[in-house]
Amino acid sequence: MTDNRIGDGNVTLKLEDGDELVLKPSWGAAQQISRSYNGISGAVEQVARLNMDVTVQVIIYGLGYLGTKKPPQNLSERIWKTGFTDISGSVSARVIDYLNILANGGKPLPENTGDSDERSGNPSSNESINSS
């Protein structure tokens with residue numbers, strides 16, 4: 001068993017304006033996402049379909065904005081302006097990485113072995129979601 005350090009499961013998104021957002025896995029985020037989207041795999045499916053509302057909401061939860069803590073008012077638009085399918089590390093792909101880490105108890109997944117389906121966002125092809 002590998003010892004994971006604090007922050008090992010964090011996922012960084014770089015916005016168009018140069019700011020970086022760090023999504024931190026937490027039980028609160030995992031629970032809220034699971035309840036809101038019929039499980040983590042339901043959120044993966046919606047993000048893979050480029051559902052902007054779900055993608056932005058997952059980012060907001062990953063930033064720790066839960067309960068009464070509110071995100072900056074322009075955050076959603078800044079994420080949208082970055083694009084969901086940009087070539088520099090797609091926002092959607094990074095959010096799916098984050099969701100898979102949440103499904104793995106907040107721990108990073110083993111290194112990608114080259115299976116292209118693993119990053120496709122297809123929950124049926126992603127064993128990390130289905131084997132839980």
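The values are calculated or read from the model by the stated rules, or taken from the named source; none is laboratory data. Keep in mind it's a predicted model, so treat the numbers as computed, not measured. Reconstructed Cβ throughout: ideal geometry from the backbone, glycine too, with neighbour counts over all protein chains shown.
One residue is enough: does the range 61-78 have a residue meeting the conditions in a helix (DSSP H, G or I) and closer than 19 Å to GLY9 by Cβ? Scanning the range 61-78 turns up at least one residue that is in a helix (DSSP H, G or I) and closer than 19 Å to GLY9 by Cβ.
Taken over the range 45-82, the residue count meeting the criterion of being on the phi > 0 side of the Ramachandran plot and among the hydroxyl-bearing types (Ser, Thr, Tyr) is 0. Output the residues belonging to the range 43-56 that are surrounded by 14 or more Cβ atoms within 10 Å (Cβ to Cβ), in a helix (DSSP H, G or I) and free of Cβ contacts under 8 Å to residues at least 12 places away in the same chain. Selection gives GLN46 alone. Going residue by residue through the range 67-86, is there one that turns out to be touching a Ser or Thr at 6+ places or on another chain (Cβ under 6 Å), at pLDDT below 90 and over 23 Å from PRO108 (Cα atoms)? No.
Can you spot a residue in the range 63-78 that is surrounded by 21 or more Cβ atoms within 10 Å (Cβ to Cβ) and touching a helix residue (DSSP H, G or I) at 6+ places or on another chain (Cβ under 6 Å)? Quick ask: steps written out before the conclusion?
Of all residues in the range 63-78, those surrounded by 21 or more Cβ atoms within 10 Å (Cβ to Cβ) come to none.
No.
Annotation note: of ILE59, ILE129, the sole residue that is surrounded by 14 or more Cβ atoms within 10 Å (Cβ to Cβ) and at pLDDT 85 or above is ILE59.
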